[in-house]
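Only one structure is covered here, and it is reproduced in the block below.
The values are calculated or read from the model by the stated rules, or taken from the named source; none is laboratory data. Remember, predicted model here, so these are calculated numbers, not experimental data. Heads up, the Cβs are rebuilt from the backbone with ideal geometry, glycines too, and the neighbour counts pull from every protein chain shown. The area values use the complete protein model at the heavy-atom level, side chains included, leaving out ligands, DNA and RNA. Shrake-Rupley method; radii C 1.70, N 1.55, O 1.52, S 1.80 Å.
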Amino acid sequence: MGGTEAYGFSAAMSGVFLLSCLLFAAINRGQRGPYMDEAFHVPQAQAYCQGRFLQWDPMITTLPGLYLVSVGIVKPVAWLCGWTGSVVCSTGMLRFINLLFSAGNFYLLHLLLSKIHQKNKAVSGFQRILSTLTLAVFPTLYFFTFLYYTDPGSVFFTLFAYLMCLYGNHKTSALLGFCGFMFRQTNIVWTAFCAGNIVAEKLNEAWKTELQKKKDEKISFRKGSFSDLMRILQFLLKYLTSPKNLVTLTALTWPYIILVTGFFVFVFINGGIVVGDRSSHEAYLHFPQLFYFLSFTVFFSFPHLLTPSKIKKFLLSLRKHPVQYSLITAISLFLIWKFTYVHKYLLADNRHYTFYVWRKVFQRHELVKYVLVPVYIFSCWSFADTLKSKSIFWILMYFVCLLAVTVPQKLLEFRYFILPFLIYRLNIPFPSLYRQLLELAFYIAVNAITLYVFLNKTFQWPNSDEIQRFMW
(Lines give C-alpha, C1' and ligand atoms only; values in the text may rest on other atoms or scores of the structure.)
Protein backbone atom coordinates (compact mmCIF):
# COMPACT_ATOMS: atom_id res chain seq x y z
CA MET A 1 0.00 0.00 0.00
CA GLY A 2 1.54 3.28 -1.14
CA GLY A 3 1.68 6.40 0.97
CA THR A 4 -1.25 8.15 -0.71
CA GLU A 5 -3.39 5.04 -0.61
CA ALA A 6 -2.50 4.46 3.05
CA TYR A 7 -3.62 7.98 3.99
CA GLY A 8 -6.80 7.60 1.93
CA PHE A 9 -7.54 4.22 3.48
CA SER A 10 -6.98 5.55 7.02
CA ALA A 11 -9.26 8.50 6.35
CA ALA A 12 -12.01 6.28 4.89
CA MET A 13 -11.82 3.75 7.71
CA SER A 14 -11.76 6.44 10.41
CA GLY A 15 -14.66 8.27 8.79
CA VAL A 16 -16.79 5.12 8.58
CA PHE A 17 -15.97 4.19 12.17
CA LEU A 18 -16.86 7.68 13.44
CA LEU A 19 -20.16 7.67 11.53
CA SER A 20 -20.87 4.15 12.81
CA CYS A 21 -20.26 5.30 16.39
CA LEU A 22 -22.77 8.13 15.95
CA LEU A 23 -25.35 5.75 14.48
CA PHE A 24 -24.56 3.26 17.23
CA ALA A 25 -25.33 5.88 19.88
CA ALA A 26 -28.61 6.81 18.18
CA ILE A 27 -29.73 3.18 17.90
CA ASN A 28 -28.84 2.45 21.53
CA ARG A 29 -30.84 5.46 22.67
CA GLY A 30 -33.79 4.35 20.56
CA GLN A 31 -33.61 0.65 21.45
CA ARG A 32 -32.01 0.26 24.86
CA GLY A 33 -33.11 -3.29 25.60
CA PRO A 34 -32.44 -6.47 23.61
CA TYR A 35 -34.45 -6.76 20.39
CA MET A 36 -35.40 -9.81 18.33
CA ASP A 37 -32.65 -12.46 18.54
CA GLU A 38 -30.77 -10.28 21.04
CA ALA A 39 -33.32 -11.50 23.58
CA PHE A 40 -31.46 -14.83 23.44
CA HIS A 41 -27.91 -13.66 22.73
CA VAL A 42 -27.60 -10.93 25.37
CA PRO A 43 -28.71 -13.01 28.42
CA GLN A 44 -26.47 -15.86 27.27
CA ALA A 45 -23.44 -13.56 27.02
CA GLN A 46 -24.27 -12.05 30.40
CA ALA A 47 -24.40 -15.55 31.92
CA TYR A 48 -20.89 -16.15 30.54
CA CYS A 49 -19.78 -12.80 31.95
CA GLN A 50 -20.84 -14.02 35.37
CA GLY A 51 -18.89 -17.26 34.95
CA ARG A 52 -21.93 -19.48 34.36
CA PHE A 53 -20.45 -21.32 31.38
CA LEU A 54 -22.67 -24.38 31.79
CA GLN A 55 -25.85 -22.35 31.42
CA TRP A 56 -27.33 -22.54 27.92
CA ASP A 57 -30.53 -21.22 26.37
CA PRO A 58 -32.04 -24.10 24.35
CA MET A 59 -33.49 -21.60 21.82
CA ILE A 60 -30.00 -20.64 20.63
CA THR A 61 -28.95 -22.61 17.55
CA THR A 62 -25.33 -21.44 17.10
CA LEU A 63 -22.18 -22.35 19.04
CA PRO A 64 -20.90 -19.95 21.76
CA GLY A 65 -18.16 -18.20 19.75
CA LEU A 66 -19.79 -14.77 20.00
CA TYR A 67 -20.20 -15.01 23.77
CA LEU A 68 -16.68 -16.30 24.40
CA VAL A 69 -15.11 -13.52 22.31
CA SER A 70 -17.34 -10.93 23.98
CA VAL A 71 -16.32 -12.02 27.47
CA GLY A 72 -12.68 -12.17 26.38
CA ILE A 73 -12.84 -8.51 25.31
CA VAL A 74 -15.29 -6.95 27.76
CA LYS A 75 -13.98 -8.40 31.02
CA PRO A 76 -10.34 -7.27 30.61
CA VAL A 77 -11.47 -3.81 29.41
CA ALA A 78 -13.85 -3.51 32.38
CA TRP A 79 -11.03 -4.48 34.75
CA LEU A 80 -8.61 -1.96 33.21
CA CYS A 81 -11.20 0.84 33.30
CA GLY A 82 -12.48 -0.04 36.74
CA TRP A 83 -16.03 -0.63 35.54
CA THR A 84 -18.35 -2.61 37.76
CA GLY A 85 -22.01 -3.38 38.06
CA SER A 86 -24.56 -3.39 35.26
CA VAL A 87 -22.36 -1.54 32.75
CA VAL A 88 -20.18 -4.64 32.36
CA CYS A 89 -21.73 -6.83 29.67
CA SER A 90 -24.69 -4.50 29.31
CA THR A 91 -26.62 -4.64 26.02
CA GLY A 92 -24.81 -1.56 24.73
CA MET A 93 -21.39 -2.89 25.70
CA LEU A 94 -22.06 -6.20 24.00
CA ARG A 95 -23.32 -4.48 20.85
CA PHE A 96 -20.11 -2.46 20.72
CA ILE A 97 -18.23 -5.73 20.08
CA ASN A 98 -19.83 -5.84 16.64
CA LEU A 99 -18.69 -2.28 15.97
CA LEU A 100 -15.13 -3.53 16.53
CA PHE A 101 -15.76 -6.48 14.21
CA SER A 102 -17.07 -4.05 11.61
CA ALA A 103 -13.81 -2.07 11.73
CA GLY A 104 -11.89 -5.34 11.38
CA ASN A 105 -14.01 -6.31 8.37
CA PHE A 106 -13.20 -2.98 6.70
CA TYR A 107 -9.48 -3.70 7.02
CA LEU A 108 -9.82 -7.32 5.87
CA LEU A 109 -11.87 -6.37 2.83
CA HIS A 110 -9.14 -3.98 1.69
CA LEU A 111 -6.43 -6.60 2.18
CA LEU A 112 -8.47 -9.17 0.27
CA LEU A 113 -9.18 -6.83 -2.64
CA SER A 114 -5.47 -5.96 -2.81
CA LYS A 115 -4.42 -9.62 -2.74
CA ILE A 116 -7.02 -11.00 -5.16
CA HIS A 117 -6.47 -8.24 -7.74
CA GLN A 118 -2.75 -7.69 -7.20
CA LYS A 119 -1.94 -8.57 -10.83
CA ASN A 120 -4.32 -5.94 -12.18
CA LYS A 121 -2.05 -2.90 -12.37
CA ALA A 122 -4.82 -0.81 -13.93
CA VAL A 123 -6.68 -0.70 -10.62
CA SER A 124 -5.83 2.44 -8.66
CA GLY A 125 -5.55 2.77 -4.91
CA PHE A 126 -8.61 5.01 -4.94
CA GLN A 127 -10.66 2.26 -6.62
CA ARG A 128 -9.55 -0.27 -4.00
CA ILE A 129 -10.53 2.10 -1.19
CA LEU A 130 -13.86 2.83 -2.86
CA SER A 131 -14.66 -0.86 -3.26
CA THR A 132 -13.61 -1.51 0.34
CA LEU A 133 -15.88 1.29 1.53
CA THR A 134 -18.76 -0.06 -0.55
CA LEU A 135 -18.46 -3.63 0.74
CA ALA A 136 -17.95 -2.46 4.33
CA VAL A 137 -21.35 -0.73 4.23
CA PHE A 138 -23.10 -3.58 2.41
CA PRO A 139 -26.62 -3.04 3.82
CA THR A 140 -27.51 -6.51 5.08
CA LEU A 141 -24.21 -6.76 6.97
CA TYR A 142 -23.89 -3.13 8.04
CA PHE A 143 -27.31 -3.09 9.72
CA PHE A 144 -26.23 -5.80 12.18
CA THR A 145 -23.17 -3.79 13.17
CA PHE A 146 -25.46 -2.06 15.66
CA LEU A 147 -27.11 -5.13 17.18
CA TYR A 148 -25.74 -8.08 19.14
CA TYR A 149 -25.95 -10.69 16.37
CA THR A 150 -23.41 -13.25 15.15
CA ASP A 151 -23.06 -11.85 11.62
CA PRO A 152 -20.20 -9.29 11.92
CA GLY A 153 -18.03 -11.73 13.88
CA SER A 154 -18.90 -14.61 11.58
CA VAL A 155 -17.87 -12.51 8.56
CA PHE A 156 -14.69 -11.30 10.29
CA PHE A 157 -13.27 -14.75 11.04
CA THR A 158 -14.33 -16.18 7.66
CA LEU A 159 -12.74 -13.32 5.70
CA PHE A 160 -9.63 -13.57 7.87
CA ALA A 161 -9.41 -17.30 7.15
CA TYR A 162 -9.80 -16.62 3.41
CA LEU A 163 -7.04 -14.00 3.52
CA MET A 164 -4.64 -16.35 5.29
CA CYS A 165 -5.48 -19.05 2.74
CA LEU A 166 -4.59 -16.73 -0.13
CA TYR A 167 -1.27 -15.97 1.55
CA GLY A 168 -0.55 -19.68 1.99
CA ASN A 169 -0.85 -19.72 5.81
CA HIS A 170 -3.13 -22.72 5.81
CA LYS A 171 -2.77 -23.76 9.46
CA THR A 172 -3.66 -20.24 10.56
CA SER A 173 -6.50 -20.20 8.04
CA ALA A 174 -7.93 -23.45 9.42
CA LEU A 175 -7.70 -22.11 12.99
CA LEU A 176 -9.57 -18.96 11.97
CA GLY A 177 -12.05 -21.16 10.11
CA PHE A 178 -12.69 -22.95 13.40
CA CYS A 179 -13.40 -19.58 15.04
CA GLY A 180 -15.85 -18.80 12.23
CA PHE A 181 -17.47 -22.20 12.77
CA MET A 182 -17.93 -21.33 16.45
CA PHE A 183 -19.95 -18.29 15.36
CA ARG A 184 -22.08 -20.15 12.81
CA GLN A 185 -21.85 -23.82 11.92
CA THR A 186 -22.48 -23.29 8.19
CA ASN A 187 -19.16 -21.44 7.99
CA ILE A 188 -17.55 -24.85 7.70
CA VAL A 189 -18.50 -24.57 4.02
CA TRP A 190 -16.12 -21.61 3.69
CA THR A 191 -13.37 -23.65 5.31
CA ALA A 192 -13.96 -26.16 2.52
CA PHE A 193 -13.90 -23.21 0.11
CA CYS A 194 -10.40 -22.30 1.32
CA ALA A 195 -9.27 -25.88 0.71
CA GLY A 196 -11.02 -25.72 -2.66
CA ASN A 197 -8.93 -22.69 -3.60
CA ILE A 198 -5.79 -24.81 -3.29
CA VAL A 199 -7.34 -27.68 -5.24
CA ALA A 200 -8.61 -25.33 -7.97
CA GLU A 201 -5.16 -23.79 -8.33
CA LYS A 202 -3.50 -27.20 -8.74
CA LEU A 203 -6.19 -28.32 -11.18
CA ASN A 204 -5.74 -25.19 -13.23
CA GLU A 205 -1.98 -25.74 -13.42
CA ALA A 206 -2.47 -29.34 -14.51
CA TRP A 207 -5.14 -28.32 -17.03
CA LYS A 208 -2.83 -25.74 -18.61
CA THR A 209 -0.15 -28.41 -18.89
CA GLU A 210 -2.69 -30.73 -20.51
CA LEU A 211 -3.63 -28.08 -23.06
CA GLN A 212 0.01 -27.30 -23.74
CA LYS A 213 0.49 -30.89 -24.85
CA LYS A 214 -2.24 -30.39 -27.42
CA LYS A 215 -1.71 -26.89 -28.69
CA ASP A 216 -4.39 -27.31 -31.30
CA GLU A 217 -7.02 -27.71 -28.53
CA LYS A 218 -8.46 -24.65 -26.84
CA ILE A 219 -10.75 -24.45 -23.84
CA SER A 220 -14.08 -23.01 -24.93
CA PHE A 221 -16.25 -24.14 -22.06
CA ARG A 222 -17.50 -20.66 -21.41
CA LYS A 223 -18.93 -20.62 -24.91
CA GLY A 224 -21.25 -23.42 -23.87
CA SER A 225 -19.65 -26.32 -25.70
CA PHE A 226 -20.91 -29.64 -24.33
CA SER A 227 -17.84 -31.48 -25.60
CA ASP A 228 -15.58 -29.09 -23.67
CA LEU A 229 -17.59 -29.74 -20.53
CA MET A 230 -17.21 -33.48 -20.96
CA ARG A 231 -13.49 -33.06 -21.57
CA ILE A 232 -13.11 -31.09 -18.34
CA LEU A 233 -15.13 -33.66 -16.38
CA GLN A 234 -12.96 -36.46 -17.77
CA PHE A 235 -9.86 -34.52 -16.77
CA LEU A 236 -11.25 -33.98 -13.25
CA LEU A 237 -12.04 -37.67 -12.87
CA LYS A 238 -8.59 -38.69 -14.08
CA TYR A 239 -6.76 -36.13 -11.89
CA LEU A 240 -8.72 -36.80 -8.71
CA THR A 241 -8.43 -40.59 -8.96
CA SER A 242 -4.65 -40.48 -9.23
CA PRO A 243 -3.07 -41.61 -5.91
CA LYS A 244 -0.11 -39.30 -6.50
CA ASN A 245 -2.33 -36.27 -6.98
CA LEU A 246 -4.46 -37.17 -3.99
CA VAL A 247 -1.38 -37.41 -1.77
CA THR A 248 -0.19 -34.00 -3.01
CA LEU A 249 -3.57 -32.38 -2.39
CA THR A 250 -3.87 -33.99 1.04
CA ALA A 251 -0.41 -32.70 2.03
CA LEU A 252 -1.49 -29.18 1.02
CA THR A 253 -4.96 -29.18 2.57
CA TRP A 254 -4.54 -31.32 5.70
CA PRO A 255 -5.37 -28.49 8.18
CA TYR A 256 -8.74 -28.03 6.46
CA ILE A 257 -9.31 -31.78 6.23
CA ILE A 258 -8.81 -32.09 10.02
CA LEU A 259 -11.30 -29.28 10.65
CA VAL A 260 -13.93 -30.66 8.26
CA THR A 261 -13.48 -34.13 9.77
CA GLY A 262 -14.00 -32.60 13.21
CA PHE A 263 -17.17 -30.99 11.91
CA PHE A 264 -18.59 -34.35 10.82
CA VAL A 265 -17.68 -35.83 14.22
CA PHE A 266 -19.54 -32.92 15.85
CA VAL A 267 -22.60 -33.52 13.65
CA PHE A 268 -22.56 -37.23 14.52
CA ILE A 269 -22.24 -36.65 18.27
CA ASN A 270 -24.67 -33.72 18.30
CA GLY A 271 -27.21 -35.51 16.12
CA GLY A 272 -27.30 -32.64 13.64
CA ILE A 273 -25.67 -29.35 12.70
CA VAL A 274 -27.94 -27.23 14.92
CA VAL A 275 -27.57 -26.88 18.69
CA GLY A 276 -30.61 -25.84 20.68
CA ASP A 277 -33.90 -25.33 18.85
CA ARG A 278 -33.74 -27.87 16.02
CA SER A 279 -37.46 -28.02 15.25
CA SER A 280 -37.33 -24.65 13.48
CA HIS A 281 -34.00 -25.23 11.73
CA GLU A 282 -34.30 -28.54 9.92
CA ALA A 283 -32.33 -29.15 6.74
CA TYR A 284 -34.26 -29.34 3.47
CA LEU A 285 -33.38 -29.61 -0.20
CA HIS A 286 -34.67 -26.10 -0.84
CA PHE A 287 -33.28 -25.50 -4.34
CA PRO A 288 -35.16 -22.21 -4.92
CA GLN A 289 -32.89 -20.70 -2.25
CA LEU A 290 -30.25 -20.55 -4.98
CA PHE A 291 -32.65 -18.56 -7.14
CA TYR A 292 -33.40 -16.20 -4.25
CA PHE A 293 -29.69 -15.67 -3.68
CA LEU A 294 -29.05 -14.91 -7.36
CA SER A 295 -31.92 -12.39 -7.38
CA PHE A 296 -30.57 -10.85 -4.17
CA THR A 297 -27.14 -10.53 -5.80
CA VAL A 298 -28.51 -8.89 -8.94
CA PHE A 299 -30.45 -6.42 -6.79
CA PHE A 300 -27.40 -5.38 -4.76
CA SER A 301 -24.99 -5.52 -7.72
CA PHE A 302 -27.25 -4.04 -10.38
CA PRO A 303 -24.59 -1.52 -11.55
CA HIS A 304 -22.48 -4.53 -12.63
CA LEU A 305 -25.06 -7.19 -13.47
CA LEU A 306 -28.09 -5.33 -14.78
CA THR A 307 -26.68 -3.29 -17.64
CA PRO A 308 -27.97 -2.81 -21.22
CA SER A 309 -24.88 -4.50 -22.65
CA LYS A 310 -25.36 -7.56 -20.43
CA ILE A 311 -29.04 -7.83 -21.29
CA LYS A 312 -28.20 -7.64 -24.99
CA LYS A 313 -25.46 -10.25 -24.58
CA PHE A 314 -27.86 -12.52 -22.69
CA LEU A 315 -30.51 -12.25 -25.43
CA LEU A 316 -27.89 -13.17 -28.03
CA SER A 317 -26.94 -16.19 -25.92
CA LEU A 318 -30.61 -17.19 -25.73
CA ARG A 319 -30.91 -17.05 -29.50
CA LYS A 320 -27.70 -19.00 -29.98
CA HIS A 321 -28.49 -21.81 -27.50
CA PRO A 322 -32.28 -22.26 -27.41
CA VAL A 323 -32.14 -25.97 -26.60
CA GLN A 324 -29.85 -25.52 -23.59
CA TYR A 325 -31.95 -22.69 -22.18
CA SER A 326 -35.15 -24.64 -22.73
CA LEU A 327 -33.67 -27.52 -20.73
CA ILE A 328 -32.52 -25.14 -17.97
CA THR A 329 -36.01 -23.61 -17.85
CA ALA A 330 -37.64 -27.03 -17.55
CA ILE A 331 -35.27 -28.04 -14.72
CA SER A 332 -35.85 -24.72 -12.91
CA LEU A 333 -39.63 -25.11 -13.14
CA PHE A 334 -39.38 -28.65 -11.78
CA LEU A 335 -37.16 -27.58 -8.86
CA ILE A 336 -39.56 -24.77 -7.95
CA TRP A 337 -42.55 -27.10 -8.22
CA LYS A 338 -41.12 -29.90 -6.10
CA PHE A 339 -38.71 -28.16 -3.72
CA THR A 340 -40.29 -24.86 -2.65
CA TYR A 341 -40.72 -24.64 1.12
CA VAL A 342 -42.17 -21.84 3.21
CA HIS A 343 -40.91 -21.55 6.78
CA LYS A 344 -43.45 -20.67 9.47
CA TYR A 345 -41.25 -17.73 10.56
CA LEU A 346 -41.46 -16.24 7.07
CA LEU A 347 -45.25 -16.18 7.23
CA ALA A 348 -45.63 -15.17 10.87
CA ASP A 349 -43.03 -12.49 11.64
CA ASN A 350 -43.96 -9.15 10.05
CA ARG A 351 -40.87 -7.41 11.43
CA HIS A 352 -38.61 -8.76 8.69
CA TYR A 353 -38.42 -7.42 5.13
CA THR A 354 -38.57 -10.99 3.82
CA PHE A 355 -42.12 -11.21 5.18
CA TYR A 356 -43.16 -8.39 2.85
CA VAL A 357 -41.15 -9.68 -0.11
CA TRP A 358 -42.92 -12.99 0.19
CA ARG A 359 -46.37 -11.50 0.73
CA LYS A 360 -46.15 -8.75 -1.91
CA VAL A 361 -44.45 -10.86 -4.59
CA PHE A 362 -44.75 -14.61 -4.14
CA GLN A 363 -48.17 -14.75 -2.51
CA ARG A 364 -49.88 -12.58 -5.11
CA HIS A 365 -50.61 -15.66 -7.20
CA GLU A 366 -49.63 -19.31 -7.26
CA LEU A 367 -47.98 -18.85 -10.67
CA VAL A 368 -45.70 -15.97 -9.65
CA LYS A 369 -42.91 -18.29 -8.53
CA TYR A 370 -42.90 -19.87 -12.01
CA VAL A 371 -43.20 -16.59 -13.89
CA LEU A 372 -39.96 -15.44 -12.22
CA VAL A 373 -37.92 -18.25 -13.82
CA PRO A 374 -36.65 -16.02 -16.69
CA VAL A 375 -35.41 -13.56 -14.05
CA TYR A 376 -33.60 -16.37 -12.26
CA ILE A 377 -32.00 -17.62 -15.47
CA PHE A 378 -30.79 -14.15 -16.40
CA SER A 379 -29.49 -13.65 -12.85
CA CYS A 380 -27.56 -16.92 -13.02
CA TRP A 381 -26.13 -16.13 -16.45
CA SER A 382 -25.11 -12.59 -15.46
CA PHE A 383 -23.67 -13.85 -12.17
CA ALA A 384 -21.55 -16.48 -13.94
CA ASP A 385 -20.56 -14.06 -16.71
CA THR A 386 -18.92 -11.69 -14.20
CA LEU A 387 -16.82 -14.57 -12.86
CA LYS A 388 -15.41 -15.59 -16.26
CA SER A 389 -12.02 -14.11 -15.34
CA LYS A 390 -11.65 -16.91 -12.77
CA SER A 391 -10.59 -20.42 -13.74
CA ILE A 392 -13.32 -22.92 -14.54
CA PHE A 393 -12.22 -25.01 -11.54
CA TRP A 394 -12.53 -22.04 -9.16
CA ILE A 395 -16.02 -21.37 -10.53
CA LEU A 396 -17.07 -25.01 -10.06
CA MET A 397 -15.67 -25.03 -6.53
CA TYR A 398 -17.44 -21.77 -5.62
CA PHE A 399 -20.78 -22.97 -7.00
CA VAL A 400 -20.52 -26.21 -5.02
CA CYS A 401 -19.95 -24.17 -1.84
CA LEU A 402 -22.77 -21.81 -2.80
CA LEU A 403 -25.16 -24.73 -3.17
CA ALA A 404 -24.00 -26.22 0.14
CA VAL A 405 -24.56 -23.01 2.08
CA THR A 406 -27.90 -21.96 0.57
CA VAL A 407 -29.91 -25.00 -0.52
CA PRO A 408 -30.25 -26.77 2.89
CA GLN A 409 -31.84 -23.66 4.45
CA LYS A 410 -35.63 -23.76 4.68
CA LEU A 411 -35.98 -20.18 5.95
CA LEU A 412 -35.60 -17.33 3.46
CA GLU A 413 -33.27 -15.05 5.43
CA PHE A 414 -31.14 -12.38 3.76
CA ARG A 415 -28.46 -12.70 6.46
CA TYR A 416 -27.61 -16.15 5.12
CA PHE A 417 -26.59 -14.56 1.82
CA ILE A 418 -23.98 -12.17 3.26
CA LEU A 419 -20.87 -14.36 3.01
CA PRO A 420 -21.51 -15.93 -0.41
CA PHE A 421 -22.26 -12.44 -1.73
CA LEU A 422 -19.05 -10.94 -0.30
CA ILE A 423 -16.90 -13.81 -1.63
CA TYR A 424 -18.47 -13.31 -5.05
CA ARG A 425 -18.11 -9.53 -4.98
CA LEU A 426 -14.46 -9.72 -3.94
CA ASN A 427 -13.60 -11.93 -6.90
CA ILE A 428 -15.29 -10.14 -9.80
CA PRO A 429 -13.24 -7.68 -11.86
CA PHE A 430 -13.18 -4.06 -10.73
CA PRO A 431 -16.02 -2.17 -12.39
CA SER A 432 -15.71 1.31 -13.82
CA LEU A 433 -15.45 4.23 -11.41
CA TYR A 434 -18.96 5.37 -12.34
CA ARG A 435 -20.46 1.97 -11.46
CA GLN A 436 -18.52 1.84 -8.20
CA LEU A 437 -19.85 5.25 -7.19
CA LEU A 438 -23.40 4.22 -8.18
CA GLU A 439 -23.11 1.06 -6.11
CA LEU A 440 -21.82 2.99 -3.09
CA ALA A 441 -24.58 5.62 -3.40
CA PHE A 442 -27.17 2.83 -3.60
CA TYR A 443 -25.82 1.14 -0.47
CA ILE A 444 -25.76 4.42 1.46
CA ALA A 445 -29.36 5.12 0.43
CA VAL A 446 -30.52 1.64 1.47
CA ASN A 447 -28.71 1.94 4.81
CA ALA A 448 -30.20 5.37 5.46
CA ILE A 449 -33.72 4.13 4.71
CA THR A 450 -33.48 0.90 6.72
CA LEU A 451 -31.92 2.57 9.77
CA TYR A 452 -34.45 5.42 9.64
CA VAL A 453 -37.33 2.94 9.41
CA PHE A 454 -35.89 0.88 12.27
CA LEU A 455 -35.67 3.91 14.55
CA ASN A 456 -38.76 5.87 13.57
CA LYS A 457 -41.39 3.59 12.01
CA THR A 458 -42.24 1.53 15.06
CA PHE A 459 -45.48 -0.35 15.60
CA GLN A 460 -47.18 -2.60 18.12
CA TRP A 461 -48.81 -5.97 17.86
CA PRO A 462 -52.39 -6.41 19.13
CA ASN A 463 -52.52 -7.34 22.82
CA SER A 464 -48.86 -6.32 23.31
CA ASP A 465 -47.29 -3.13 24.67
CA GLU A 466 -43.84 -3.97 23.31
CA ILE A 467 -42.48 -1.70 20.56
CA GLN A 468 -41.76 -3.56 17.31
CA ARG A 469 -39.36 -2.44 14.57
CA PHE A 470 -38.76 -3.35 10.93
CA MET A 471 -35.40 -4.93 10.08
CA TRP A 472 -33.59 -7.21 7.64
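Table for the structure above
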item	result
Normalised contact order of the stretch 341-465, rounded percent, pairs of Cα under 8 Å and 6 or more residues apart	30
The chain - percent relative contact order, Cα under 8 Å, separation 6 or more	20
The stretch 148-219: proportion of alpha-carbon pairs further apart than 21 angstrom, %	39
The stretch 287-335, Cα convex hull volume normalised per residue, Å³	66
Disulfide-incompatible cysteines by the Cβ rule (no partner under 4.7 Å) in the chain	CYS21, CYS81, CYS179, CYS380, CYS401
Accessible-area order (highest first, 1.4 angstrom probe) of the listed residues ASP385, ASP151	ASP385, ASP151
Accessible surface, 1.4 Å probe, highest first, among residues LEU109, LEU327, LEU290	LEU327, LEU290, LEU109
Equivalent ellipsoid dimensions for the stretch 69-121 as semi-axes, Å, which come from the Cα gyration tensor, largest first	35, 10, 7
Extension gain (nm, one decimal) between GLU366 and ALA283, 0.36 nm per residue minus Cα-Cα	27.4 nm
Relative packing of 79-86, 442-449, which averages over residues the other C-beta atoms within 10 Å, highest first	442-449, 79-86
Volume per residue of the C-alpha convex hull in the stretch 385-450, rounded to whole Å³	95
P(r) of the stretch 230-324 over all Cα-Cα pairs, binned every 5 Å from zero, in whole percent	2, 9, 8, 9, 12, 14, 15, 14, 12, 5, 0
Relative contact order of the stretch 6-93, defined on C-alpha pairs under 8 angstrom at six or more residues apart (%)	29
Reach of LYS390 by Cα under 16 Å, taken over aspartates and glutamates that are not fewer than 8 positions away in the same chain	GLU201, GLU205
Cα-derived Rg over Rh, computed across the stretch 338-472 with Rh taken as Kirkwood radius	1.01
Mean Cβ count within 10 Å, highest first, over the residues of peptides 374-382, 157-165	157-165, 374-382
FRET efficiency estimate (nearest 0.05) - Cβ-Cβ, THR248 to ILE73, R0 41 angstrom	0.50
Exposure rank, largest accessible area first [MET230, MET93; 1.4 Å]	MET230, MET93
Test item: Cα-centred dipole of the chain, Lys/Arg +1 and Asp/Glu -1 on Cβ, debye	1440
Cβ-derived FRET efficiency at R0 22 Å, SER464 paired with SER86, nearest 0.05	0.25
Heavy atoms of SER124 accessible to a 1.4 Å probe, total area in Å² rounded to 10	50
P(r) tail fraction, the stretch 1-155 - alpha-carbon pairs more than 19 Å apart, %	58
For the chain, with +1 on Lys and Arg beta carbons and -1 on Asp and Glu, the positive-most of MET230, PRO255, THR172 along the dipole	MET230
√(5λ) per eigenvalue of the Cα gyration tensor, the stretch 289-390, largest first, Å	27, 17, 11
Calculated Cα extents along the principal axes in Å (choose from (1) 75, 52, 52; (2) 106, 49, 33; (3) 78, 52, 39), label	(1)
Across LYS75/LYS171; LYS313/LYS388; LYS208/LYS312, pairs whose alpha-carbon gap is larger than 25 Å	LYS75/LYS171; LYS208/LYS312
